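The values are calculated or read from the model by the stated rules, or taken from the named source; none is laboratory data. From a predicted model like this one, the values you see are computed outputs, not experimental measurements. We place every Cβ from the backbone using ideal geometry, glycine too, and count neighbours over all the protein chains shown. Ligands, DNA and RNA are stripped out before the accessible areas are found, and what is left, the full protein with its side chains, is counted by its heavy atoms. Shrake-Rupley method; radii C 1.70, N 1.55, O 1.52, S 1.80 Å.
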Amino acid sequence: MMGAAPIIEAQGVDLVFQTADGPVHALKDVNLKVNKGDFVSFIGPSGCGKTTFLRCIAALETPTSGSLKVRGVSAEEARKARSYGYVFQAAGLFPWRTIAGNIRLPLEIMDFTRADRARRVEEVLKLVDLEGFGKKYPWQLSGGMQQRASIARALSFDAEILLMDEPFGALDEIVRDKLNEELLKLWHRTQKTIGFVTHSIPEAVYLSTHIVVMSPRPGRITDVIESPLPRGPRPLEIRDTPEFMAIAQRVREGLHAGHAYEV
Amino acid sequence: MMGAAPIIEAQGVDLVFQTADGPVHALKDVNLKVNKGDFVSFIGPSGCGKTTFLRCIAALETPTSGSLKVRGVSAEEARKARSYGYVFQAAGLFPWRTIAGNIRLPLEIMDFTRADRARRVEEVLKLVDLEGFGKKYPWQLSGGMQQRASIARALSFDAEILLMDEPFGALDEIVRDKLNEELLKLWHRTQKTIGFVTHSIPEAVYLSTHIVVMSPRPGRITDVIESPLPRGPRPLEIRDTPEFMAIAQRVREGLHAGHAYEV
Amino acid sequence: EEVKLQLKWVTQAQFAGYYVAQDKGFYKAEGLDVDIMPGGPDISPTQVMAGGGADVTVDWMPSALAAREKGLALVNVAQPFKKSGMMLTCLKDTGIKGPQDFRGKTLGVWFGGNEYPFLSWMSTLKIPTDGSPNGVTVLKQGFNVDPLLQKQAACISTMTYNEYWQVIDAGLKPDQLVTFKYEDEGVATLEDGLYVMQDKLSDAAFKAKMVKFVRASMKGWKYAETHPEEAAKIVIDNDATGAQTLPVQERMMKEIAKLTADSNGALDMADYDRTVKILMAGGSDPVITKKPEGAYTTEITDAALK
Amino acid sequence: MRNILPVLVVCLVIVVLWYGAALWLNAAWVYDQAARAGTQVGFGQLVHDTMTLPRPKLPAPHQVLGGLWDGIFGQSVTSKKSLVYHGWMTLEVTMLGFAVGTLAGLILAIGIVHSRAMDMSVMPWAIASQTIPVLAIAPMVIVVLASVGLKGVIPKALIAAYLSFFPVLVGMVKGLRAPDGLQLDLMRTYNASRTQTLTMLRLPSSLPYLFASLKVGVAAALVGTIVAELPAGASVGLGARLLSGSYYGQTIQIWAALFMAAILAALLVAAIGIAEKVVLKRMGMAR
Amino acid sequence: MSWQAWAAIAFWIAAWAVNGTVANRWGRRKWARIFVPALFGVTLLVLWQGLVKGLNVPSVILPAPTQIAARFADSVPLLWGDFSQTILKGALGGYVIGCGAAVLTAIAVDRSPFLQRGLLPVGNFFAALPIVGVAPILVMWFGFDWQSKAAVVVVMVFFPVLVNMVAGLAATDPLQRDLMKTYSASYRDSLLRLRLPAAMPFLFNGLKIATTLALIGAIVAEFFGSPTRGMGFRISTAVGQLDMALVWSEIVVAALAGSGFYGLMALIEKTVTFWHPSQRG
Ligand SMILES: Nc1ncnc2c1ncn2[C@@H]1O[C@H](COP(=O)(O)OP(=O)(O)OP(=O)(O)O)[C@@H](O)[C@H]1O
Ligand SMILES: Nc1ncnc2c1ncn2[C@@H]1O[C@H](COP(=O)(O)OP(=O)(O)OP(=O)(O)O)[C@@H](O)[C@H]1O
Ligand SMILES: Cc1ncc(C[n+]2csc(CCO)c2C)c(N)n1
Ligand SMILES: [Mg+2]
Ligand SMILES: [Mg+2]
């Protein structure tokens, strides 16, 4: 998280929601630099502002104050330049489109040529291991497969950044393990910059180059942990190593410190 | 899971759902004995029949064949005798009733006296750490608080058995840890028999006296692991002990063995 | 030359003269292309005229004069109907023998411009229509004679040529009924006349067209009077709803003929004066308050009947 | 299919009740007639008479069926006495009015979903517009349009449209707003234009709502047409049939026309139901 | 077209611009929620006035809003009499009876899926019988006074409310039903404590639709026979007397009453179903 030209750079980002019950201070003085190729996980208790911060990066939310630059320009301009793919917690596939049709959606919107579209759809379907399922409808697939399709959709137009908000939150542990492994491979292959929100400490530690620990009310970054784990392939068993456990422990402590809770 | 008079006893339970796509064999030859005071967790991949089996015990589903006795009578009779409290994955509170009103619901149905109702509501509200929230409506509470309210509701009429279907599935890790700890205390205090469905290996190991591992298509019990961990209080740190890890590993292996997957 | 004629009611022998003139080519012989537009319960012919939707309309004089006082300058150009066919038909077993027995009873009346003769009659009889015990209770009568059959009213409004016979057809015998013809009670007002907008009459071409129209129409009427069976057939052919039946229309045509027989189309001044007098005699609530000026012209019939 | 038996049972109950009601309601007339004729009626005579009156207060089911049968099959379809002929006339106007109303509702809904100002101003007035009794304004509309030279089908269709645009408007505003925040956010991450969001997200996800409101709308259009047929120079159509039946006290004719209208409505709704099945199936939305 | 017409059109454009800005800038404020539709309504009136005056439309065809207002002002007692005959007696009476009967029927058939499957299609068929055909028949049966109007209203509101209520009673989710089963709750308990409360949002949906239907039904029925008062009577007779300003005054009363009635039901809905997501705001 050092280096000359960070791809995401937040300085003093503040965000206050005006609600019926009064203002909610969702983000307070958030500072963060993400370099090209980093895999950054955001972890923190429910309501601490992880989603909100990711949405700020995606210009789906506008900070009340502070500066947020993505690829050197404002988040809004970066959105207009289609700089990122976004994966939501729910797959959010359109039920009236086939899997291929869903993946084609951003390509149609961005005016890719017909031939290019077909090629890319094939490509990403292969990437997420869904060849042959293009003609199926979303509800004909299992939850895990739907989630992979939604990742394929975010990858199809090959944006530089991939933002993922608890993409595996709804899946069971074993499916999740498998998708984690695949995501890591994919990241490695494509060298994208990834922002990843999760609730799971092992998941965060297993995947990331940097783990951002947040605390709630108002949402702040309490710790940014750089992972000593290899940037290369990480077998699942790495989770049983003492190194892994040590980082996990550090994350856990960070979390507990910030957890001033009423559940 | 031995002993003279098991409180739950399943013998050769089979359940086939007739669906539009043909029959789904959800449970196949399930045999299980649960003794009074046991804390039994059910774990297994998605779709393996955990929920279905719990629902059979609650007589919300009727096995196609086999015998299932609860407290020595049929499951249906046990339901009519209000032998258990059931906690669903979603809190399922009635939005038009306050928290206290929701907890009062089973008491009203079961014709408890007015004074008794008030006393019990107060009692269980305290038990789940929600004193002072009785007058709030469900939607005014966080997810964790709602889930605790739903547990309080299941506890209020003091049934002998508590059946819980992924009660903490929707909560974040830290909240979950805390609720796990409290559930354990509660179980210890009340000496209830608990059936508990979960996806999380640490959760299952941390809570249970017995862990039932299931495998899908058709749903079978592949392993029943008796925990060597103390029946008394278990601090959260127990999860870092080698003993704990060993059981967790055994569960994980059992799971992988049964996981014939397409994700 | 096009003429649009708005009728006051649905297609039936009441308007046979026009259909006959159309069917027998009397209009065509005058070089006219006449579009006969049937009316209905919710069609106010005066309103259609005001909107310019028709050149000439069939209307009752009370309604036309009332509209004239409201500022809609309708002018009578011909009067094919000499006599009034309106009457009040009562059930004998209600005990009604004469108009004085109306008090305290419920009477069915048509509204929508047809209520004026009744109201005038009641005010000449000095019977209030407010439902007081000393007066009569007025019902807005629907399209049919049910109120009498179902005994919801002691008397209902009927036409000699139509509703009266419906009552008979429904199974009541003439001797079970008591009828009061407006004609006999001395309160008859002029019915189906032809009316046009006053401003159009300043146009010589329009006047010429009306002369031809009235001449052909009267020819039609006279033909219908003498050939009731054929006239009824023509009416049936022109009824788009398919609801009319030949025997009913033949009977109606014969009754209508009694009303048109004494008219050559020209407005009889005595009838006109009587109608105006009755309408103005409304006591506190007359239908018209001042003597109408220019509410008729004899120019058209003078020219047509030359 | 599994509804057939229950429907038959309910129909049977209704028919039985209906016969009872016919006996009860028509008895007064039969007794009156007997009294006027000075005769006595026994029960058998009473049953026979109440079921066969030419102008009953309530026609017996078989009389209505007879009227329907005669109206549909007993006449050549071009005859003015044929219910098929009048039904067809009504259907034509209904379809035109329905098309216009649907289009208007759609356009307004799209406007409302895209413009806050329209949303805030149009909705309350659209609701108010539906509290105006159509039967009251129908004659005026007919007269006004006649005065500018519009006659025949168009004024009637406009009244039908006036009734049918509302359900479509309400349903489509709901439908076009059906996409959840996630789906809309997804489109934003693609920086999709409003038109793209409309065609690729809002319209497809509004389809189930569209069909639901089309079913209400087509029934409303039929009612509008019939109302418009009353004052429109009572000429053709089921409305005119109802009116002339009423005018001549032909209760059986009224009931036959009424049932014909209800059958027409049922057929139209069923047709839309079929279209719904086909479209949703092709879009993979029917499971 | 004369100057009035052009002025009205200019006003329209200006008002549209004002509304656009207000809605976009202050759209969430309370005053804007009233101001914007109000200005829109005023614009409609101005446009109407301008076009009627500008195009010289005869007042027996379409009176100008000012004429209607004047007529309204000096016939308040008459309008009130008609209002109480048609709305207070006919519409309201029928509304209460019809909705009440529908709710009770829904509860009665709720226990029998067989009846539901049979009744609803048949019900939908009868609901499609056009009111203009039914009204004369009911007038014949129930007489000329408000009772027959109430009967028409009953027929009109019964099925929409029934259909909504039946849907509402079935609207509980499986989890909630299972919960009641785990308590081994009686039919009465689950009806009173689960299904009735859960049905309320649906019921009010039906009740709101029924408000405008009730109004229309009561007015329309008067066209087919009535005593000499009532809104429908006045409308149909005033047309014959070319008193279009009075006709429109009655229509204004109908629209006001309809909107008011609808608003009242919406208000009651808000208090009864305060817990429903759509009401929490
Ligand atoms: N649109 C909004 N309006 C008002 N408050 C909001 C809005 N979105 C989020 N919040 C509030 O902002 C805070 C941060 O929410 P956020 O969704 O970012 O949390 P999170 O860390 O993603 O939580 P979770 O793990 O539960 O997804 C919360 O208190 C939330 O209630
Ligand atoms: N009502 C039903 N009708 C038909 N099939 C059903 C029904 N309920 C469950 N099933 C099927 O039975 C199997 C077991 O389902 P069950 O819900 O018990 O799984 P589970 O172990 O609880 O899964 P999860 O972890 O996803 O909750 C699945 O294949 C499921 O699709
Ligand atoms: C709403 C209504 N208005 C008037 C009449 C009566 N009416 C006017 S002209 C005419 C000609 C005779 O058939 C008749 C009967 C009615 N029946 N219904
Ligand atoms: Mg979040
Ligand atoms: Mg489950």
* Residues of type lysines that B:Lys28 reaches as a straight line, Cα spacing below 22 Å, ignoring anything fewer than 8 places off in the same chain -> B:Lys50, B:Lys69
* Structure fact -> For B:Asp223, the residues 5 or more places away or on another chain with a placed amide H closer than 5 Å to its own amide H are B:Val213
* To do: Based on alpha-carbon positions alone, could you give the equivalent ellipsoid semi-axes of the protein assembly as shown from the gyration tensor, as √(5λ), descending, whole Å?
  => 77, 37, 27
* Gyration tensor (alpha-carbon) shape descriptor, chain C, a/c threshold 1.5 -> oblate
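Give me the extension gain from C:Lys173 to C:Asn134: residue separation times 0.36 nm, minus the current Cα-Cα distance, reported in nm with one decimal.
Stretched fully, the C:Lys173-C:Asn134 segment lengthens by 11.0 nm.
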* Using protein chains only (no ligands, no nucleic acids) and a 1.4 Å probe, work out which residues of segment D:182-201 have their accessible area cut by at least 30 Å² relative to the chain alone. => D:Leu182, D:Gln183, D:Asp185, D:Leu186, D:Arg188, D:Thr189, D:Tyr190, D:Asn191, D:Gln196, D:Met200
* Asked: What residue among B:Gln140, E:Ile9, D:Pro56 has its Cα farthest toward the positive end of the dipole of the protein assembly as shown, where the charges are +1 on Lys, Arg and -1 on Asp, Glu, each on the Cβ?
  -> B:Gln140
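Calculated FRET efficiency, C:Leu246 and C:Asp184, Cβ-Cβ r, R0 30 Å, to nearest 0.05?
Computed FRET efficiency for C:Leu246 and C:Asp184: 0.50.
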* Structure fact -> Mean projected area, convex hull of alpha-carbon positions in segment E:157-209, reported to one decimal in nm², is 3.4 nm²
* Asked: Which angle between 0 and 90 degrees, to the nearest 10, do you get for helix B:99-109 versus the longest principal axis of chain B when only C-alpha atoms count?
  -> 80 degrees
* Considering only the other residues whose Cβ falls under 15 Å of the Cβ of D:Ile142, what net charge follows from Lys and Arg at +1 and Asp and Glu at -1? -> +1
* Report E:Ile131's accessible area, 1.4 Å probe, all protein chains in place, as a number in Å² to the nearest 10. => 20 Å²
* So, in Å, what gap is there between the alpha-carbon centers of segment C:76-92 and segment B:119-144? -> 83 Å
* **Accessible surface buried upon D-A contact (total; probe 1.4 Å; Å², nearest 100)** => 2200 Å²
* Asked: Can you give the Kirkwood hydrodynamic radius of segment B:191-248 from its Cα pairs, in Å with one decimal?
  -> 12.4 Å
* Asked: Counting Lys and Arg as +1 and Asp and Glu as -1, what is the net charge of the other residues whose Cβ lies under 10 Å from the Cβ of C:Trp165?
  -> -2
* Asked: When every alpha-carbon pair in segment E:72-279 is counted, what percent end up more than 25 Å apart?
  -> 45 percent
* Asked: Where Rh is the Kirkwood radius over the Cα pairs of segment D:83-282, the temperature 25 °C and the viscosity 0.890 mPa s, what D in µm²/s does Stokes-Einstein return?
  -> 135 µm²/s
* Radius of gyration and Dmax for segment A:96-211's Cα atoms, expressed in Å? -> 14.1, 42
* Rotationally averaged projected area of segment A:92-158 (alpha carbon convex hull; nm²) -> 3.9 nm²
* Per-residue ellipticity at 222 nm for chain A, helices alone: DSSP H runs ≥ 4 residues times -39500 (n - 2.57), over residue total, nearest 500 deg cm²/dmol? -> -11000 deg cm²/dmol
* Structure fact -> From the Cα centre of segment C:140-184 to that of segment A:171-202, the distance in Å is 90 Å
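Please state the equivalent ellipsoid semi-axes for segment D:21-65: what are the square roots of 5 times the Cα gyration tensor eigenvalues, largest first, in whole Å?
Details: eigenvalues 70, 19, 13 Å².
Gyration-tensor ellipsoid for segment D:21-65: 19, 10, 8 Å.
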* Tell me, what ³J(HN,Hα) does each residue in segment E:226-240 have, in order and in whole Hz, if you take phi through Karplus 6.51 cos²θ - 1.76 cosθ + 1.60 with θ = phi - 60° and put x for Gly and Pro? -> 6, x, 8, 8, x, 5, x, 4, 5, 4, 6, 7, 5, 4, x
* Past the 20 Å Cα-Cα mark, which pairs from C:Lys70/C:Lys126; C:Lys97/C:Lys126; C:Lys105/C:Lys173; C:Lys70/E:Lys149; C:Lys70/C:Lys290? -> C:Lys70/C:Lys126; C:Lys105/C:Lys173; C:Lys70/E:Lys149
* Chain pair B, E: total accessible area buried, heavy atoms, 1.4 Å probe, Å² -> 2100 Å²
* Asked: Among E:Thr237, D:Trp88, D:Val216, whose Cα lies farthest out toward the positive end of the dipole of the protein assembly as shown, if unit charges sit on the beta carbon of Lys, Arg (+1) and Asp, Glu (-1)?
  -> D:Val216
* Structure fact -> One decimal, nm, nearest first: from B:Gly47 to the same residue in each other copy, label points 7 Å out along Cα→Cβ, the values are 3.6
* Structure fact -> Cross-link reach from A:Lys36 to aspartates and glutamates, straight Cα distance under 13 Å and at least 8 residues apart if same chain, gives A:Glu9, A:Glu160
* Inter-copy label distances at B:Pro233 (7 Å, Cα→Cβ; nm, one decimal) -> 4.7
* Asked: What are the residues of segment D:106-133 that lose 50 Å² or more of accessible area, with a 1.4 Å probe, going from their chain alone to all protein chains?
  -> D:Arg116, D:Ala117, D:Met120, D:Ser121, D:Trp125, D:Ile127, D:Thr131, D:Pro133
* Write down the Kirkwood hydrodynamic radius of chain B, to one decimal in angstroms, obtained as one divided by the mean of 1/r over all alpha carbon pairs. => 19.0 Å
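Heavy atoms only, 1.4 Å probe, whole protein assembly: order E:Val96, E:Val239, E:Val272 by accessible area, highest first. Don't skip to the answer; put the middle values down first.
Details: E:Val96 95, E:Val239 15, E:Val272 60 Å².
Descending accessible area places them as E:Val96, E:Val272, E:Val239.
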* Asked: Which lysines have a Cα less than 20 Å from the Cα of D:Lys174, not counting those fewer than 8 places away in the same chain?
  -> D:Lys215, E:Lys208, E:Lys270
* Over chain D, what is the mean sequence separation of C-alpha contacts under 8 Å (at least six apart), divided by residue count, expressed as relative contact order in percent? -> 22 percent
* Structure fact -> Buried accessible surface, C vs D, both sides, probe 1.4 Å, in Å² to 100, equals 2900 Å²
* Asked: If you line up the Cα atoms of segment E:3-57 on their principal axes, what length do they span on each, largest first, in Å?
  -> 41, 15, 8
* Using only the C-alpha atoms of segment E:113-165, find the volume of their convex hull and express it per residue in Å³. => 76 Å³
* **Pairwise centroid distance, computed over Cα atoms, of segment D:1-42 with segment D:182-228, Å** => 46 Å
* **0 to 90° range, to nearest 10: angle between helix D:4-37 axis and chain D longest Cα axis** => 40 degrees
* Structure fact -> Per the helix-only model, chain C has a calculated mean residue ellipticity at 222 nm (DSSP H runs of ≥4, -39500 (n - 2.57) each, divided over all residues, rounded to the nearest 500) of -11000 deg cm²/dmol
* Asked: Which distances in nm, rounded to one decimal and ordered from shortest, link the label point of B:Gly132 to the equivalent label points in the other identical copies, with labels set 7 Å from Cα toward Cβ?
  -> 6.0
* Over 27 Å between C-alpha atoms is what I'm after, so list which of C:Lys4/C:Lys306; D:Lys151/E:Lys53; A:Lys178/B:Lys185; C:Lys151/D:Lys80 land there. => A:Lys178/B:Lys185; C:Lys151/D:Lys80
* Asked: Roughly how tilted is helix A:143-155, in degrees to the nearest 10 and between 0 and 90, from the longest Cα axis of chain A?
  -> 90 degrees
